[in-house]
């Protein structure tokens, strides 16, 4: 999942970015409002964590423009402004969540997970596809009752595929959502990681869940696909 | 106070009443006694006359009376004899009250009279008459008078006491209400005011002054609250940075290098927080009354000293600090406050300057005291930001927000100090060219330039 983080306090910004990266998110970090606005227009994020008092354009203005563009990216305001008026204003403008500084790290992670979950239409924090179970809260994967150990990248890829369950996901999509703008990547990397994932999730089990859609990309689905390539 | 006023009224009234009653009593007694004595004298004299004392045989006829008795033909039958010798009136030897053994009192008069000679040629005889009459009626009448006077006084006293109390209470009621209103004012209820229309005209100025004082207090408390709220707010982001950095670091095992980096970052944040706390404390102290009295201060010397102290930071930023001051300017001021103000303005001028820029300190005398100016060749302040530069936590340059290290408190502290010295701060600025701060302080000049 790709997350936009806009925070002008350098140390807090870096800690946020580092922490979210370690959780498997691809993070684009910026320190002022104009840069955040530009990024929000050009990249399709899975979630945005915005400070309100940013130099240049403030968080409210960025959000307002996003919603005017009919962008459905979930936005969490992370801010020192805690008055009821501020919260109401933020939520009414279209923010999906509001967290006041200082905050607990675990709470921030849980709220981001909830936002992404809701954006992808999942009610609970567990995604089940056939006998594959992904516990989004704990970050654990089971298939047929057996735990499956994945690396952070593999888990991120699986999570993204699961959020687009039943839809075709192009390599470009995967690159956009799993790698931030600082990573040097080529689309081969996607194929390699799909291979790793398949080895752990599909290979040991009779039913294949990860399907190749020739000419387009990949799909995670419980149904059989017409063309299946290992 | 009600009691004192009421008692004063009551005591005055009682004194007046008692004096009046006493006067009435004594006057009445004197009149009654004179009357009694007169009738006593008349009867005693009549008795003397009965026995041939001055005036001859004229039973029952007082000597001062004159009469002529004529018959039908106009002949005189009887008339008082004209006898100069025996027309000497009786002489009063003494008058007094006598108390009887069995109770009761007599009023007694002792007379010394001359009796007419039994025959012409006889020597004059002198007699002494002690004549008394009962003083009981006199005493009774006086007793009744005394009692009714006392009763009247007592009744009047009670009525006066009640009336005095009532009247005083009513007159002082507005003061009680005012006292209650003031008693109900604490830091949570500073918006209450005294109702001046309820006060008597003499007390209205006091009520108005009280209200003005309350308004000033309310404003000061409101300012303090705002400042505290702003300060708490400002602390949030640095604290969040500290917390998040530590939480993220602890989530996974880290190697020594990563931990060292984290610790250094946290140290930087903690130092920043310390600076904020120090600035807040300076602010609180700056607003407190000065502990000592003002002293004569050599102003140009103080400016040069501040410039020298700022030398290190200034040269690090590539900024030159110059001082242009008159030869001698000595004023009676708080030296540490003045130094804090000049240092604050100097720091500001160096921070917002450009490499190769200049800061100039200057001072002079005004007709009220002294002025001090600090000019820089820095980035300048936009016109819409100018009115706000002295507000706490205001930063005209938003890019310096957050971790940039600018707390936004420096100029606010300067203004607080200048206000505490009774002076004024002014600022002029041209974007891109520079800014000049000028403060004027009312003070006594020991030596003018």
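Build a GNM of chain B with springs between Cα atoms under 10 Å: which of B:234, B:327, B:218 gets the top mean-square fluctuation?
Highest fluctuation of the listed residues: B:327.
Taking only C-alpha pairs under 8 Å that are 6+ residues apart, what is the relative contact order of segment A:46-156 in percent?
18
Take chain B, connect every pair of alpha-carbon atoms lying under 10 Å apart with a spring to form a Gaussian network, then pick out the residue of B:32, B:333, B:411 with the largest mean-square fluctuation.
Sorting by GNM fluctuation, first place goes to B:32.
Taking only C-alpha pairs under 8 Å that are 6+ residues apart, what is the relative contact order of segment A:131-193 in percent?
Relative contact order of segment A:131-193: 21 percent.
Enter the mean number of other protein chain beta carbons within 10 Å of the beta carbon of each residue in B:232-239, as an integer. Kindly include the intermediate steps, with their values, before the conclusion.
Values: counts 2, 6, 1, 3, 9, 12, 6, 4.
Going residue by residue through B:232-239 and averaging, the value is 5.
Using a/c under 1.5 as the rounded threshold, could you call segment A:79-141 rounded, prolate or oblate? The axes a ≥ b ≥ c are square roots of the C-alpha gyration tensor eigenvalues, and prolate needs a/b larger than b/c, oblate otherwise.
It comes out oblate by the Cα gyration axes.
Could you calculate the FRET efficiency of residue A:34 with residue B:1 from 1/(1 + (r/R0)^6), where r is the beta carbon distance between them and R0 is 51 Å, rounded to 0.05?
0.10
Enter the mean number of other protein chain beta carbons within 10 Å of the beta carbon of each residue in B:206-219, as an integer. Present the calculation step by step, with values, prior to reporting the outcome.
On the way: counts 0, 0, 0, 0, 0, 0, 0, 0, 0, 0, 0, 0, 0, 0.
Per residue, the number of nearby Cβ atoms from other chains is 0 on average.
Rounded, prolate or oblate: which fits segment B:278-368, taking a ≥ b ≥ c as square roots of the Cα gyration tensor eigenvalues, rounded meaning a/c under 1.5, else prolate when a/b beats b/c? Don't skip to the end; give the middle numbers.
Details: a/c = 2.50, a/b = 1.26, b/c = 1.98.
Oblate is the answer for segment B:278-368, as a/c is 1.5 or above yet b/c matches or exceeds a/b.
Over the whole of B:244-253, what's the average partner chain Cβ count within 10 Å per residue? Rounded to a whole number, please.
6
So which residue, out of A:104, A:35, A:133, gets the largest mean-square fluctuation from a GNM of chain A using Cα contacts under 10 Å as springs?
A:104
Classify segment A:2-57 as rounded, prolate or oblate from the Cα gyration tensor: take a ≥ b ≥ c as the square roots of its eigenvalues, call it rounded if a/c is under 1.5, otherwise prolate when a/b beats b/c and oblate if not.
Verdict is oblate for segment A:2-57.
Over the protein assembly as shown, consider all pairs of different Cα atoms and compute the Kirkwood hydrodynamic radius from their mean reciprocal separation; express it in Å, one decimal.
When all Cα pairs of the protein assembly as shown are included, the Kirkwood radius is 36.9 Å.
Provide the FRET efficiency to the nearest 0.05 for the residue B:281-residue A:216 pair, computing r from the beta carbons and using R0 = 56 Å. Don't skip to the answer; put the middle values down first.
Numbers: r = 65 Å, r/R0 = 1.16.
Here the calculated transfer efficiency is 0.30.
In whole percent, what relative contact order does chain B give with Cα contacts below 8 Å and a gap of six or more residues?
Numbers: 613 pairs, mean separation 45.1, N = 449.
About 10 percent, as a whole number.
Can you give the percent of C-alpha pairs in segment B:120-255 whose distance is more than 22 Å?
Here the long-distance tail beyond 22 Å is 74 percent of all Cα pairs in segment B:120-255.
Extending each Cα 7 Å along its Cβ direction at residue A:118 and residue B:274, get the distance between those two points in nm, one decimal.
For the pair residue A:118/residue B:274, the computed spacing is 4.3 nm.
Please work out the Kirkwood hydrodynamic radius for segment A:36-124, using every pair of different C-alpha atoms, and report it in angstroms with one decimal place. Present the calculation step by step, with values, prior to reporting the outcome.
Values: mean 1/r = 0.0751 Å⁻¹.
Taking the inverse mean of 1/r over all distinct Cα pairs, segment A:36-124 comes out at 13.3 Å.
From the alpha carbon gyration tensor of chain A, can you work out the equivalent ellipsoid semi-axes (sqrt of 5 times each eigenvalue) and give them in Å, largest to smallest?
33, 18, 16
All of the numbers you see were taken from the coordinates with simple rules; none came from a lab. Quick caveat: nothing in here was measured; it's all calculated off a predicted structure. All Cβ positions, even for glycine, are placed from backbone atoms using ideal geometry, and neighbour counts span all protein chains on display.
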